[in-house]
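No lab work stands behind these numbers, since they all come straight from the coordinates. This is a predicted model, so every value here is computed, not measured. When we count neighbours, we look across all protein chains shown, and the Cβ atoms used for this are built from the backbone with ideal geometry, even at glycine.
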Amino acid sequence: MAILVALIALMWVSEVVDIALDHRLDRYGIEPRDVDGLDGVAAAPFLHVGFGHLIANTIPFALMGAVIALDGAKRLVLVTVLVGLISGLGTWLVAAEGTIHVGASGIVFGYATYLIARGVFDRSAAELAVGALVVVAWGGVLLGGLEPQRGISWQGHLFGAIGGVAAASLLAKRPEPGPPPRPA
């Protein structure tokens, strides 16, 4: 949980500093197809367009991140890195040139789809139940966030969601191999 708290604290400290600097940090977001904009893949999740945007991302980030962290700090870090890379690079590749993308919503979407998909890959009824709760709580937001809207990075949402499914697949718990069958 300490890692989750540290990530959230970094988001909030970044926003306080950004406001003190008259929103000059936001320029370090993802700039599609600009090599200099690749730095934004790492920076964008910690940058937000005001406290409303930050709060809207913090609540689901904290709740779903805490559920993921129940499987350990290593699992939380792996899911976050995989989702962040896929969300950020996908946005960098397909979003409109001349735009800057900031916010943790790509990771939020990735956390959600990770929690939804992991029960399928792990073949776990308990994880399927958690995924169903995520669908009930955030399903409408997830679908609505994929709709192109001015000022909202549907690309980050889409690639974050893809990253969550990829993380669930790559990190699936593999059954322990049992002893070889005995000849009859």
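Some notes on this structure:
- Couplings 3J(HN,Hα) for segment 168-174, derived from phi with the Karplus relation 6.51 cos²θ - 1.76 cosθ + 1.60 (θ = phi - 60°), are 4, 5, 5, 9, 4, 6, 8 Hz, where x marks Gly and Pro.
- With a Förster radius of 25 Å applied to the beta-carbon distance between residue 16 and residue 97, the computed FRET efficiency rounds to 0.25.
- Highest GNM mean-square fluctuation among 128, 63, 143, for the chain modelled with Cα contacts below 10 Å: 143.
- Considering only alpha-carbon pairs that sit under 8 angstrom and 6 or more positions apart, the relative contact order computed for the chain is 24 percent.
- Computed [θ] at 222 nm, helices only, for the chain once each DSSP H run of length n ≥ 4 contributes -39500 (n - 2.57): -21500 deg cm²/dmol
- Debye log10 I(q)/I(0) at q = 0.10, 0.12, 0.16 Å⁻¹ for the chain, Cα point scatterers: -0.40, -0.55, -0.92
- Loop trypsin sites (Lys or Arg not before Pro), segment 31-89 (other Cβ atoms within 10 Å of the site Cβ: 15 or fewer; DSSP): 33
- For the options 91, 58, 99, a Gaussian network treatment of the chain with springs between C-alpha atoms closer than 10 Å singles out 99 as fluctuating the most.
- Fewest-first ranking of 83, 136, 41, using other Cβ atoms within 10 Å as the exposure measure: 136, 41, 83
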